[in-house]
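Single-structure report; data block below.
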């Protein structure tokens, strides 16, 4: 970095050789000069202004190039594509912080149902509380704290589970249940229509398993167990 | 004067803001130590010690990165399928021999006439008692995932979780029958297999027991494929089978009782031939969280041999 | 090097995809007899890159516009209009992100952290306002920065602060910048973004404490104009320094200053330098001696600051999550009565070795040791230069904006009685101007 700056600045240095000398001279005589100017005639005042202008100009070029150099140095670390935050479900430990750490309420992290992996079970670990006796849709049987999972009978013995993402708070309770008893078809992901893509994701900061990273926006989802072609992208 | 008060209080407010930022950044660490949304299975994972009817007597630590399946023969030797090999142990846990394989075997069974039957994901291999390959049978269907195999002296049954069907072969490898296809006229409900665990075993009276895990059910078929009997127990508590698809494995004791293993709530239990829960072999505390696919075998003395694929050990249990 | 990284990435990718290919994940779905169609998993797209470029374009256009308004048109109304636009677009529509103030951290992270890739828009948001400031002064602050704009329109009763108070509080942004750079460069946290007081307002959503922080700044902002800009903003530090040598800068008077004192109290930010009144000569010897003392004190302050800073490097590092985890692990081993944190239980459940964690934490602490020396030295330098600034009297004849702290808001222009070179269309707007004096 420093080297780059030096290289970029050196032509200016050569071009304005005297600037540095001037700088030093001016620094040394700075205070006394000021007093002098009080008594200065018009011409000397003009002279002084010229000198200051010249110094400013030199500094301006240097600073301009410095800003350019920082820009260029940052440019070498340019990401070739736009990046967004996403979490890797295979690293997720369902700690519940996705629900609490997001700057948005409710969180921009939502549960997604990867239907292709679902077993369509009657006794769904992601839908029912562990202690449930009767497998009914009664609220006290539901694991989800906001009742965001909808259970629908398909045919004996299959049930389909849909997630109402407006209600989902991203707490991962169902993800834990599905992972423990089922195939892991319920997965947490950052919902990109809702995510503000903060400079530093506040959930990433709090995530204990370091599951968050910046991923290319073109493949912004990290569903486990299905290929990118298997899910349907929805235009923003 | 009024201005002065406003300025002083404004500056104080700014300093307070600075103080808040500094304190929040440096001292408020790990604010929420606990998971507010814990998926709490602790009640269900607690084991009532009075329920336990078996105790662990010894443990084998096979030298293999992964362990897949376990079986015993009529001399009570223990066969363990690991990475491209089978490890054969004496009943006291001494390693007898190692049989090299070309692939991993997902299930293993030693027939009464001492042939080694291996289910290899999508085909069956038959080895003689010395471990020499005798025969290999391909799967009749695509997308096969063979998960279990059992053999008598005349018949071989293979469970295919991919096609959710049981194949009935003779010992020459000819496909005799497909068992368990949904047929409402015959009262066969069809297998529901949401995860790749699908076990079967031949019972005492030459009936074939198949685990219909999606229904938490055991179904008995005769060798022609007719459903003779079935029972199911769905419950998160210890009386039944939990989750989407349990039990994952089973074995049959000499009195006709079933030894079952579950995932989700990792436990190994005994169910009576009627299906009613009898007692507990090993509770969730005996396994690591997330252990799936505890394979089971029973020897002639009704010892239970279980394979913990997560920690890579084999444990031998005896009745209390 | 990059080839190697690509190779490793490809390798990792294939390993991961291989692991994923285990039968558990690829299991066939149930066969529905009555023709139920399995719905697809729907994944909403992220904002398109075009929109990001649009933001850069809007930034460029609005900066050009406001510079033209202030320097050429000398229009406070123009600046105000741009403020409103900025509050609406960069504030409420863009929800305050990405902003130039925070971009400082991305630049620091990109320069010091090999793993981080910086988006082009962030570089643009960092560089463009700096370059505009280098040419035209802090026109960015005047009405393009959404954080500044919201404070600017709320400054109803600005009171004048004593200059010593302004100088003392003015040191805070330097410290803030130093800390922000340290924590960004060590990939610990983005504190500027984390404690951005207005983002919660722009998003209508924040934790209660952050709302209170935002409300505090706005409340204070009614009486002390733009408190965040003047006494907190770390990006303002850079703009302040750059603005001092800008090519052009707004002037109070369109022609020449007649020292009428009318503009004296017009600046709510105390950024108008008055003519120096004391004409008494300063002894040359005293000046030289002061210069010598200063040139001794400055390096001494830098060294002292660096040393003091380095004494605190472990405290500074203890904010890093890895260091925190290592600390907890160490104490946890000794007394098992403590409830382990989620971090610790998770780390253990991942089956990583404790040794690795300690090694990682140690290397982070070493980074902080260097960082703390630099931060401390920087703070020392800032204190030293502030002292020097106090002791040096600049000679001035006219009323001029202080190029560093002037936010180019154009309020003062309306107070100058000097006529501009008349342009007919300006007369149209003359009726709108009602200069109001405040105390």
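Any read-out appearing in this document is the output of simple, stated calculations on the displayed coordinates, not a laboratory observation. Given the structure is predicted, the values throughout are model-derived calculations rather than measurements. Quick reminder, even Gly has a Cβ in these numbers, built from the backbone with ideal geometry, and neighbours come from all protein chains shown.
Which angle between 0 and 90 degrees, to the nearest 10, do you get for helix C:100-112 versus the longest principal axis of chain C when only C-alpha atoms count?
With rounding to tens, the tilt is 50 degrees.
Can you give me the distance in nm between label points at residue B:231 and residue A:133, each placed 7 Å from the Cα along the Cα-to-Cβ direction?
It is 2.2 nm.
With the calculation restricted to Cα positions, what are the radius of gyration and Dmax of chain B in angstrom?
26.5, 107
Could you run the Debye sum over the Cα atoms of the range B:103-166, one equal point scatterer each and no solvent, and tell me log10 of I(q)/I(0) at q = 0.18, 0.29 Å⁻¹, two decimals?
-0.57, -1.30
I need the per residue convex hull volume for the range B:188-241, using only the alpha carbons, in cubic angstrom as a whole number.
88
If you average the C-alpha positions of the range C:207-284 and of the range C:343-386 separately, how far apart do those two centres end up, in angstrom?
36
From the convex hull of the Cα coordinates of the protein assembly as shown, what is the mean projected area in square nanometres?
On the way: hull surface 198.5 nm².
Reported value for the Cα convex hull: 49.6 nm².
P(r) tail for the range A:85-141, what percent of Cα pairs lie past 15 Å?
Taking all Cα-Cα pairs of the range A:85-141, the fraction more than 15 Å apart is 64 percent.
Which three extents, in whole angstrom, do the alpha-carbon atoms of the range C:124-238 cover along their principal axes, largest first?
40, 39, 27
Taking 0.36 nm per residue of sequence separation and subtracting the Cα-Cα distance, how much length would be gained by fully extending the chain between residue B:56 and residue B:12, in nm to one decimal?
The residue B:56-residue B:12 span can extend by a further 8.9 nm.
Per residue, how big is the convex hull of the range C:31-174 when only Cα atoms are used? Give it in Å³.
Details: hull volume 29.6 nm³, N = 144.
Spread over its residues, the Cα hull of the range C:31-174 gives 206 Å³ apiece.
Ranked by Cβ crowding within 10 angstrom, fewest neighbours first, how are C:369, B:216 ordered?
Going from least to most buried by this count: C:369, B:216.
Taking all pairs of distinct Cα atoms, average 1/r, flip it, and tell me the Kirkwood hydrodynamic radius of the range A:46-86 in Å to one decimal place.
After inverting the pairwise mean of 1/r, the radius is 12.9 Å.
Residue B:288 versus residue B:311, label points 7 Å from Cα toward the beta carbon: distance in nm?
About 1.0 nm, to one decimal.
Starting from the alpha-carbon convex hull of the range B:140-250, give the projected area averaged over all orientations, in nm².
Working: hull surface 27.3 nm².
Averaged projected area of the range B:140-250's Cα convex hull equals 6.8 nm².
Just rank C:247, B:209, fewest to most, by other beta-carbon atoms within 10 angstrom.
Final ranking by Cβ density, sparse to dense: C:247, B:209.
Neighbour counts of other C-beta atoms within 10 Å: give me B:204, C:203 arranged from fewest to most. Mind showing how you got there, number by number?
Details: B:204 11, C:203 17.
Listing B:204, C:203 from fewest to most nearby Cβ atoms yields B:204, C:203.
What distance in nm lies between label points placed 7 Å from Cα along the C-beta direction at residue C:392 and residue B:46?
Computed distance between label sites residue C:392 and residue B:46 equals 7.5 nm.
Is chain C rounded, prolate or oblate when judged by the Cα gyration tensor, a ≥ b ≥ c being the square roots of its eigenvalues, rounded requiring a/c under 1.5 and prolate requiring a/b larger than b/c?
oblate
Give the average over all directions of the projected area of the C-alpha convex hull of the range C:284-391, one decimal, in nm².
8.6
May I ask for the Rg/Rh ratio of the range A:111-163, computed from Cα atoms with Rh as the Kirkwood radius, given to two decimals?
Rounded to two decimals, Rg over Rh is 0.92.
Roughly speaking, what is the centre-to-centre gap between the range C:65-115 and the range B:273-302 when only Cα atoms are used, to the nearest Å?
Taking the Cα centre of each part, the range C:65-115 and the range B:273-302 sit 65 Å apart.
Hey, for a label at residue C:50 modelled as a point 7 Å past Cα toward Cβ, could you say which residues of the range A:221-236 have their backbone N under 12 Å away?
Within reach of a label on residue C:50, which here means backbone N under 12 Å from a point 7 Å along Cα→Cβ, the range A:221-236 contributes A:236.
Rounded, prolate or oblate: which one fits the range C:205-335, using the alpha carbon gyration tensor with axes a ≥ b ≥ c (rounded when a/c is under 1.5, else prolate when a/b beats b/c, else oblate)?
Since a/c reaches 1.5 but b/c is at least a/b, the shape of the range C:205-335 is classed as oblate.
Could you tell me whether the range B:229-320 comes out rounded, prolate or oblate from its Cα gyration tensor? Rule is a ≥ b ≥ c as square roots of the eigenvalues, rounded for a/c under 1.5, then prolate if a/b exceeds b/c, otherwise oblate.
Oblate is the answer for the range B:229-320, as a/c is 1.5 or above yet b/c matches or exceeds a/b.
Roughly how far apart, in whole Å, are the Cα centres of the range A:167-204 and the range A:70-108?
Here the two parts' Cα centres lie 13 Å apart.
Give me the one-decimal Kirkwood hydrodynamic radius in Å for the range A:83-226, with the sum taken over alpha-carbon pairs.
One over the average 1/r among Cα pairs gives 15.4 Å for the range A:83-226.
Just to be sure I follow: if Rg is taken over the C-alpha atoms of the range C:192-240 and Rh is the Kirkwood radius over the same atoms, what is Rg/Rh?
Details: Rg = 11.1 Å, Rh = 11.3 Å.
We get a ratio of 0.99 for the range C:192-240.
On a 0 to 90 degree scale, rounded to 10, what angle separates helix C:76-86 from the longest Cα axis of chain C?
For C:76-86 against chain C, the angle is about 10 degrees.
For chain B, find the longest principal axis of its Cα atoms and tell me its angle to the long axis of helix B:2-27, 0 to 90°, nearest 10.
It is inclined by approximately 20 degrees.
In Å, the Kirkwood hydrodynamic radius of the range B:46-102 over pairs of distinct alpha carbons? Let's see the in-between values first.
Numbers: mean 1/r = 0.0777 Å⁻¹.
About 12.9 Å for the range B:46-102.
Ranked highest first by the average count of other Cβ atoms within 10 Å around their residues, in what order do C:141-152, C:348-359, A:134-145 fall? Working shown, then result.
Working: C:141-152: 28.0, C:348-359: 11.6, A:134-145: 14.2.
Taking the mean over residues of other Cβ atoms within 10 Å, the ranking is C:141-152, A:134-145, C:348-359.
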